[in-house]
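The values are calculated or read from the model by the stated rules, or taken from the named source; none is laboratory data. As the structure is a prediction and not an experimental result, all values here were calculated from the model. Cβ sites come from the backbone with ideal geometry, for glycine too, and all protein chains shown count toward neighbours. Just so you know, the surface numbers come from the protein's heavy atoms only, side chains and all, with ligands and any DNA or RNA stripped out. Shrake-Rupley method; radii C 1.70, N 1.55, O 1.52, S 1.80 Å.
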Amino acid sequence: MAPEKQQDNGTRLVTEFVLVGFSNLPELRPTLFILFLLTYLVTLSGNATIISIIQVDRTLHTPMYRFLAVLSLSETCYTLVTIPNMLAHLLMESQAISIAGCRAQMFFFLGLGCSHCFLLTLMGYDRYVAICHPLRYPVIMRPTVCLCLGALVFCSGFSVALIETCMIFSSPFCGAGHVEHFFCDIAPVLKLSCAESSLKALGIFFLSILVVLFSFLLILLSYAFIVAAIVRIPSAAGRRKAFSTCAAHLTVVIVHFGCASIIYLRPDSGANPSHDRLVAVFYTVVTPLLNPVVYTLRNKEVRVALRRNLARGCGVFK
């Protein structure tokens, strides 16, 4: 039971949340801990490898790979928000989290999640300019423009997160204080609000539509122009090369927006906590692992740069 305090009218207010998480699976918790820990370590290693190889290899000092490095760094921060806390709760009996801690976790989780949507949109635009306007690409995507666009991505993402977090935590919480999740997500926390939350849920739902659907439609628009440009390339080798620069990005887009749509683009979000937790495991644990794997296995330039620098490093120690 979460700690409570009582108002003058007798309403019991929650002062601390209890994350239900995987408490209903006590026999599986050690196995889940090992599985999630190994996945998390591989994810951190993969993202660190991508960031390092882009930093040290001059052939990858292009806007596309700079954005990829930012995505990898953002993914690392994204996993830091939820996974260490989840691993700790899998080991400990106590599943408690303070309201301030819950608010901070939700703000950073939503901020990074929204920023990912906008960053993937920006990466789609980068591919559009590179393929449809190759001669103007160095001018359009010059460093100052990329820096400003990157700053705009994160400012927009965290602005949306601030609005949503303030909406959710603007009223006190009642009841047992049990959050039916392994981290502080929108729907399970909103359910504990003392005030009528249907208008808040509707506002957050439409804001989620604006972020996810608008970003996805912009990416589709970019790829519509990209496909139109690729089919006009006379040689099959040229078409394959042009599409190969987009394949990894497109894979990550499908996974990221697919999971976001399943969770946040439903009016009855939170109606099935067990289903939502399962999907949440996928987009908080599995999806961050897919990104470095996809970008290293499907991207020839990253693979070549990785082999070249590994060979150079081995040569130094000989």
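Restricting attention to region 161-195, report how many residues are closer than 15 Å to residue 208 by Cα, in contact (Cβ under 8 Å) with a residue 60 or more places away in the chain and among the charged types (D, E, K, R). Qualifying residue count for the region: 1.
Could you tell me whether any residue of region 232-242 is within 30 Å of residue 79 (Cβ to Cβ), open to solvent by 20 Å² or more (accessible area, probe 1.4 Å) and not polar (S, T, N, Q)? Scanning region 232-242 turns up no residue that is within 30 Å of residue 79 (Cβ to Cβ), open to solvent by 20 Å² or more (accessible area, probe 1.4 Å) and not polar (S, T, N, Q).
Scanning region 182-195 for residues that are open to solvent by less than 10 Å² (accessible area, probe 1.4 Å) and in a strand (DSSP E or B) yields a count of 0. Residues satisfying the criterion are present in region 194-215 (criterion: more than 29 Å from residue 96 (Cα to Cα) and among the hydroxyl-bearing types (Ser, Thr, Tyr)). Out of 74, 98, I need the residue that is hydroxyl-bearing (Ser, Thr, Tyr) and out of contact with any helix residue (DSSP H, G or I) (no Cβ under 8 Å at 6 or more places or on another chain). Which one? Answer to the check: 98. Filtering region 196-231 to residues that are in contact with a helix residue (DSSP H, G or I) (Cβ under 7 Å, 6 or more places away or on another chain) and either loosely packed, with under 14 Cβ neighbours inside 10 Å or more than 23 Å from residue 120 (Cβ to Cβ) (or both) leaves 197, 200, 201, 203. Taking the condition of being open to solvent by less than 40 Å² (accessible area, probe 1.4 Å) and either at pLDDT 70 or above or within 24 Å of residue 178 (Cα to Cα) (or both), how many residues in region 290-315 meet it? Adding up the residues that qualify gives 9.
Here the condition is being at pLDDT 85 or above and closer than 24 Å to residue 186 by Cβ; of 19, 44, it holds for 19 alone.
Residue by residue, here is whether (1) touching a Phe, Trp or Tyr at 6+ places or on another chain (Cβ under 7 Å); (2) surrounded by fewer than 20 Cβ atoms within 10 Å (Cβ to Cβ); (3) in contact (Cβ under 8 Å) with a residue 24 or more places away in the chain; (4) of a type in the set (A, V, I, L, M, F, W, C) holds:
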position: 86; (1), (2), (3), (4): yes, no, yes, yes
position: 91; (1), (2), (3), (4): yes, yes, yes, yes
position: 110; (1), (2), (3), (4): no, no, yes, yes
position: 123; (1), (2), (3), (4): yes, no, yes, yes
position: 127; (1), (2), (3), (4): no, no, yes, no
position: 131; (1), (2), (3), (4): no, no, yes, yes
position: 135; (1), (2), (3), (4): no, yes, no, yes
position: 142; (1), (2), (3), (4): no, yes, no, no
position: 145; (1), (2), (3), (4): no, yes, no, yes
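Of the residues making up region 196-206, just one is over 19 Å from residue 180 (Cβ atoms) and assigned to a loop (DSSP other than H, G, I, E, B), namely 196.
Residues checked against (1) of a type in the set (A, V, I, L, M, F, W, C); (2) over 27 Å from residue 275 (Cα atoms):
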residue: 92; (1), (2): yes, no
residue: 103; (1), (2): no, no
residue: 114; (1), (2): yes, no
residue: 117; (1), (2): yes, no
residue: 131; (1), (2): yes, yes
residue: 134; (1), (2): no, yes
residue: 177; (1), (2): no, no
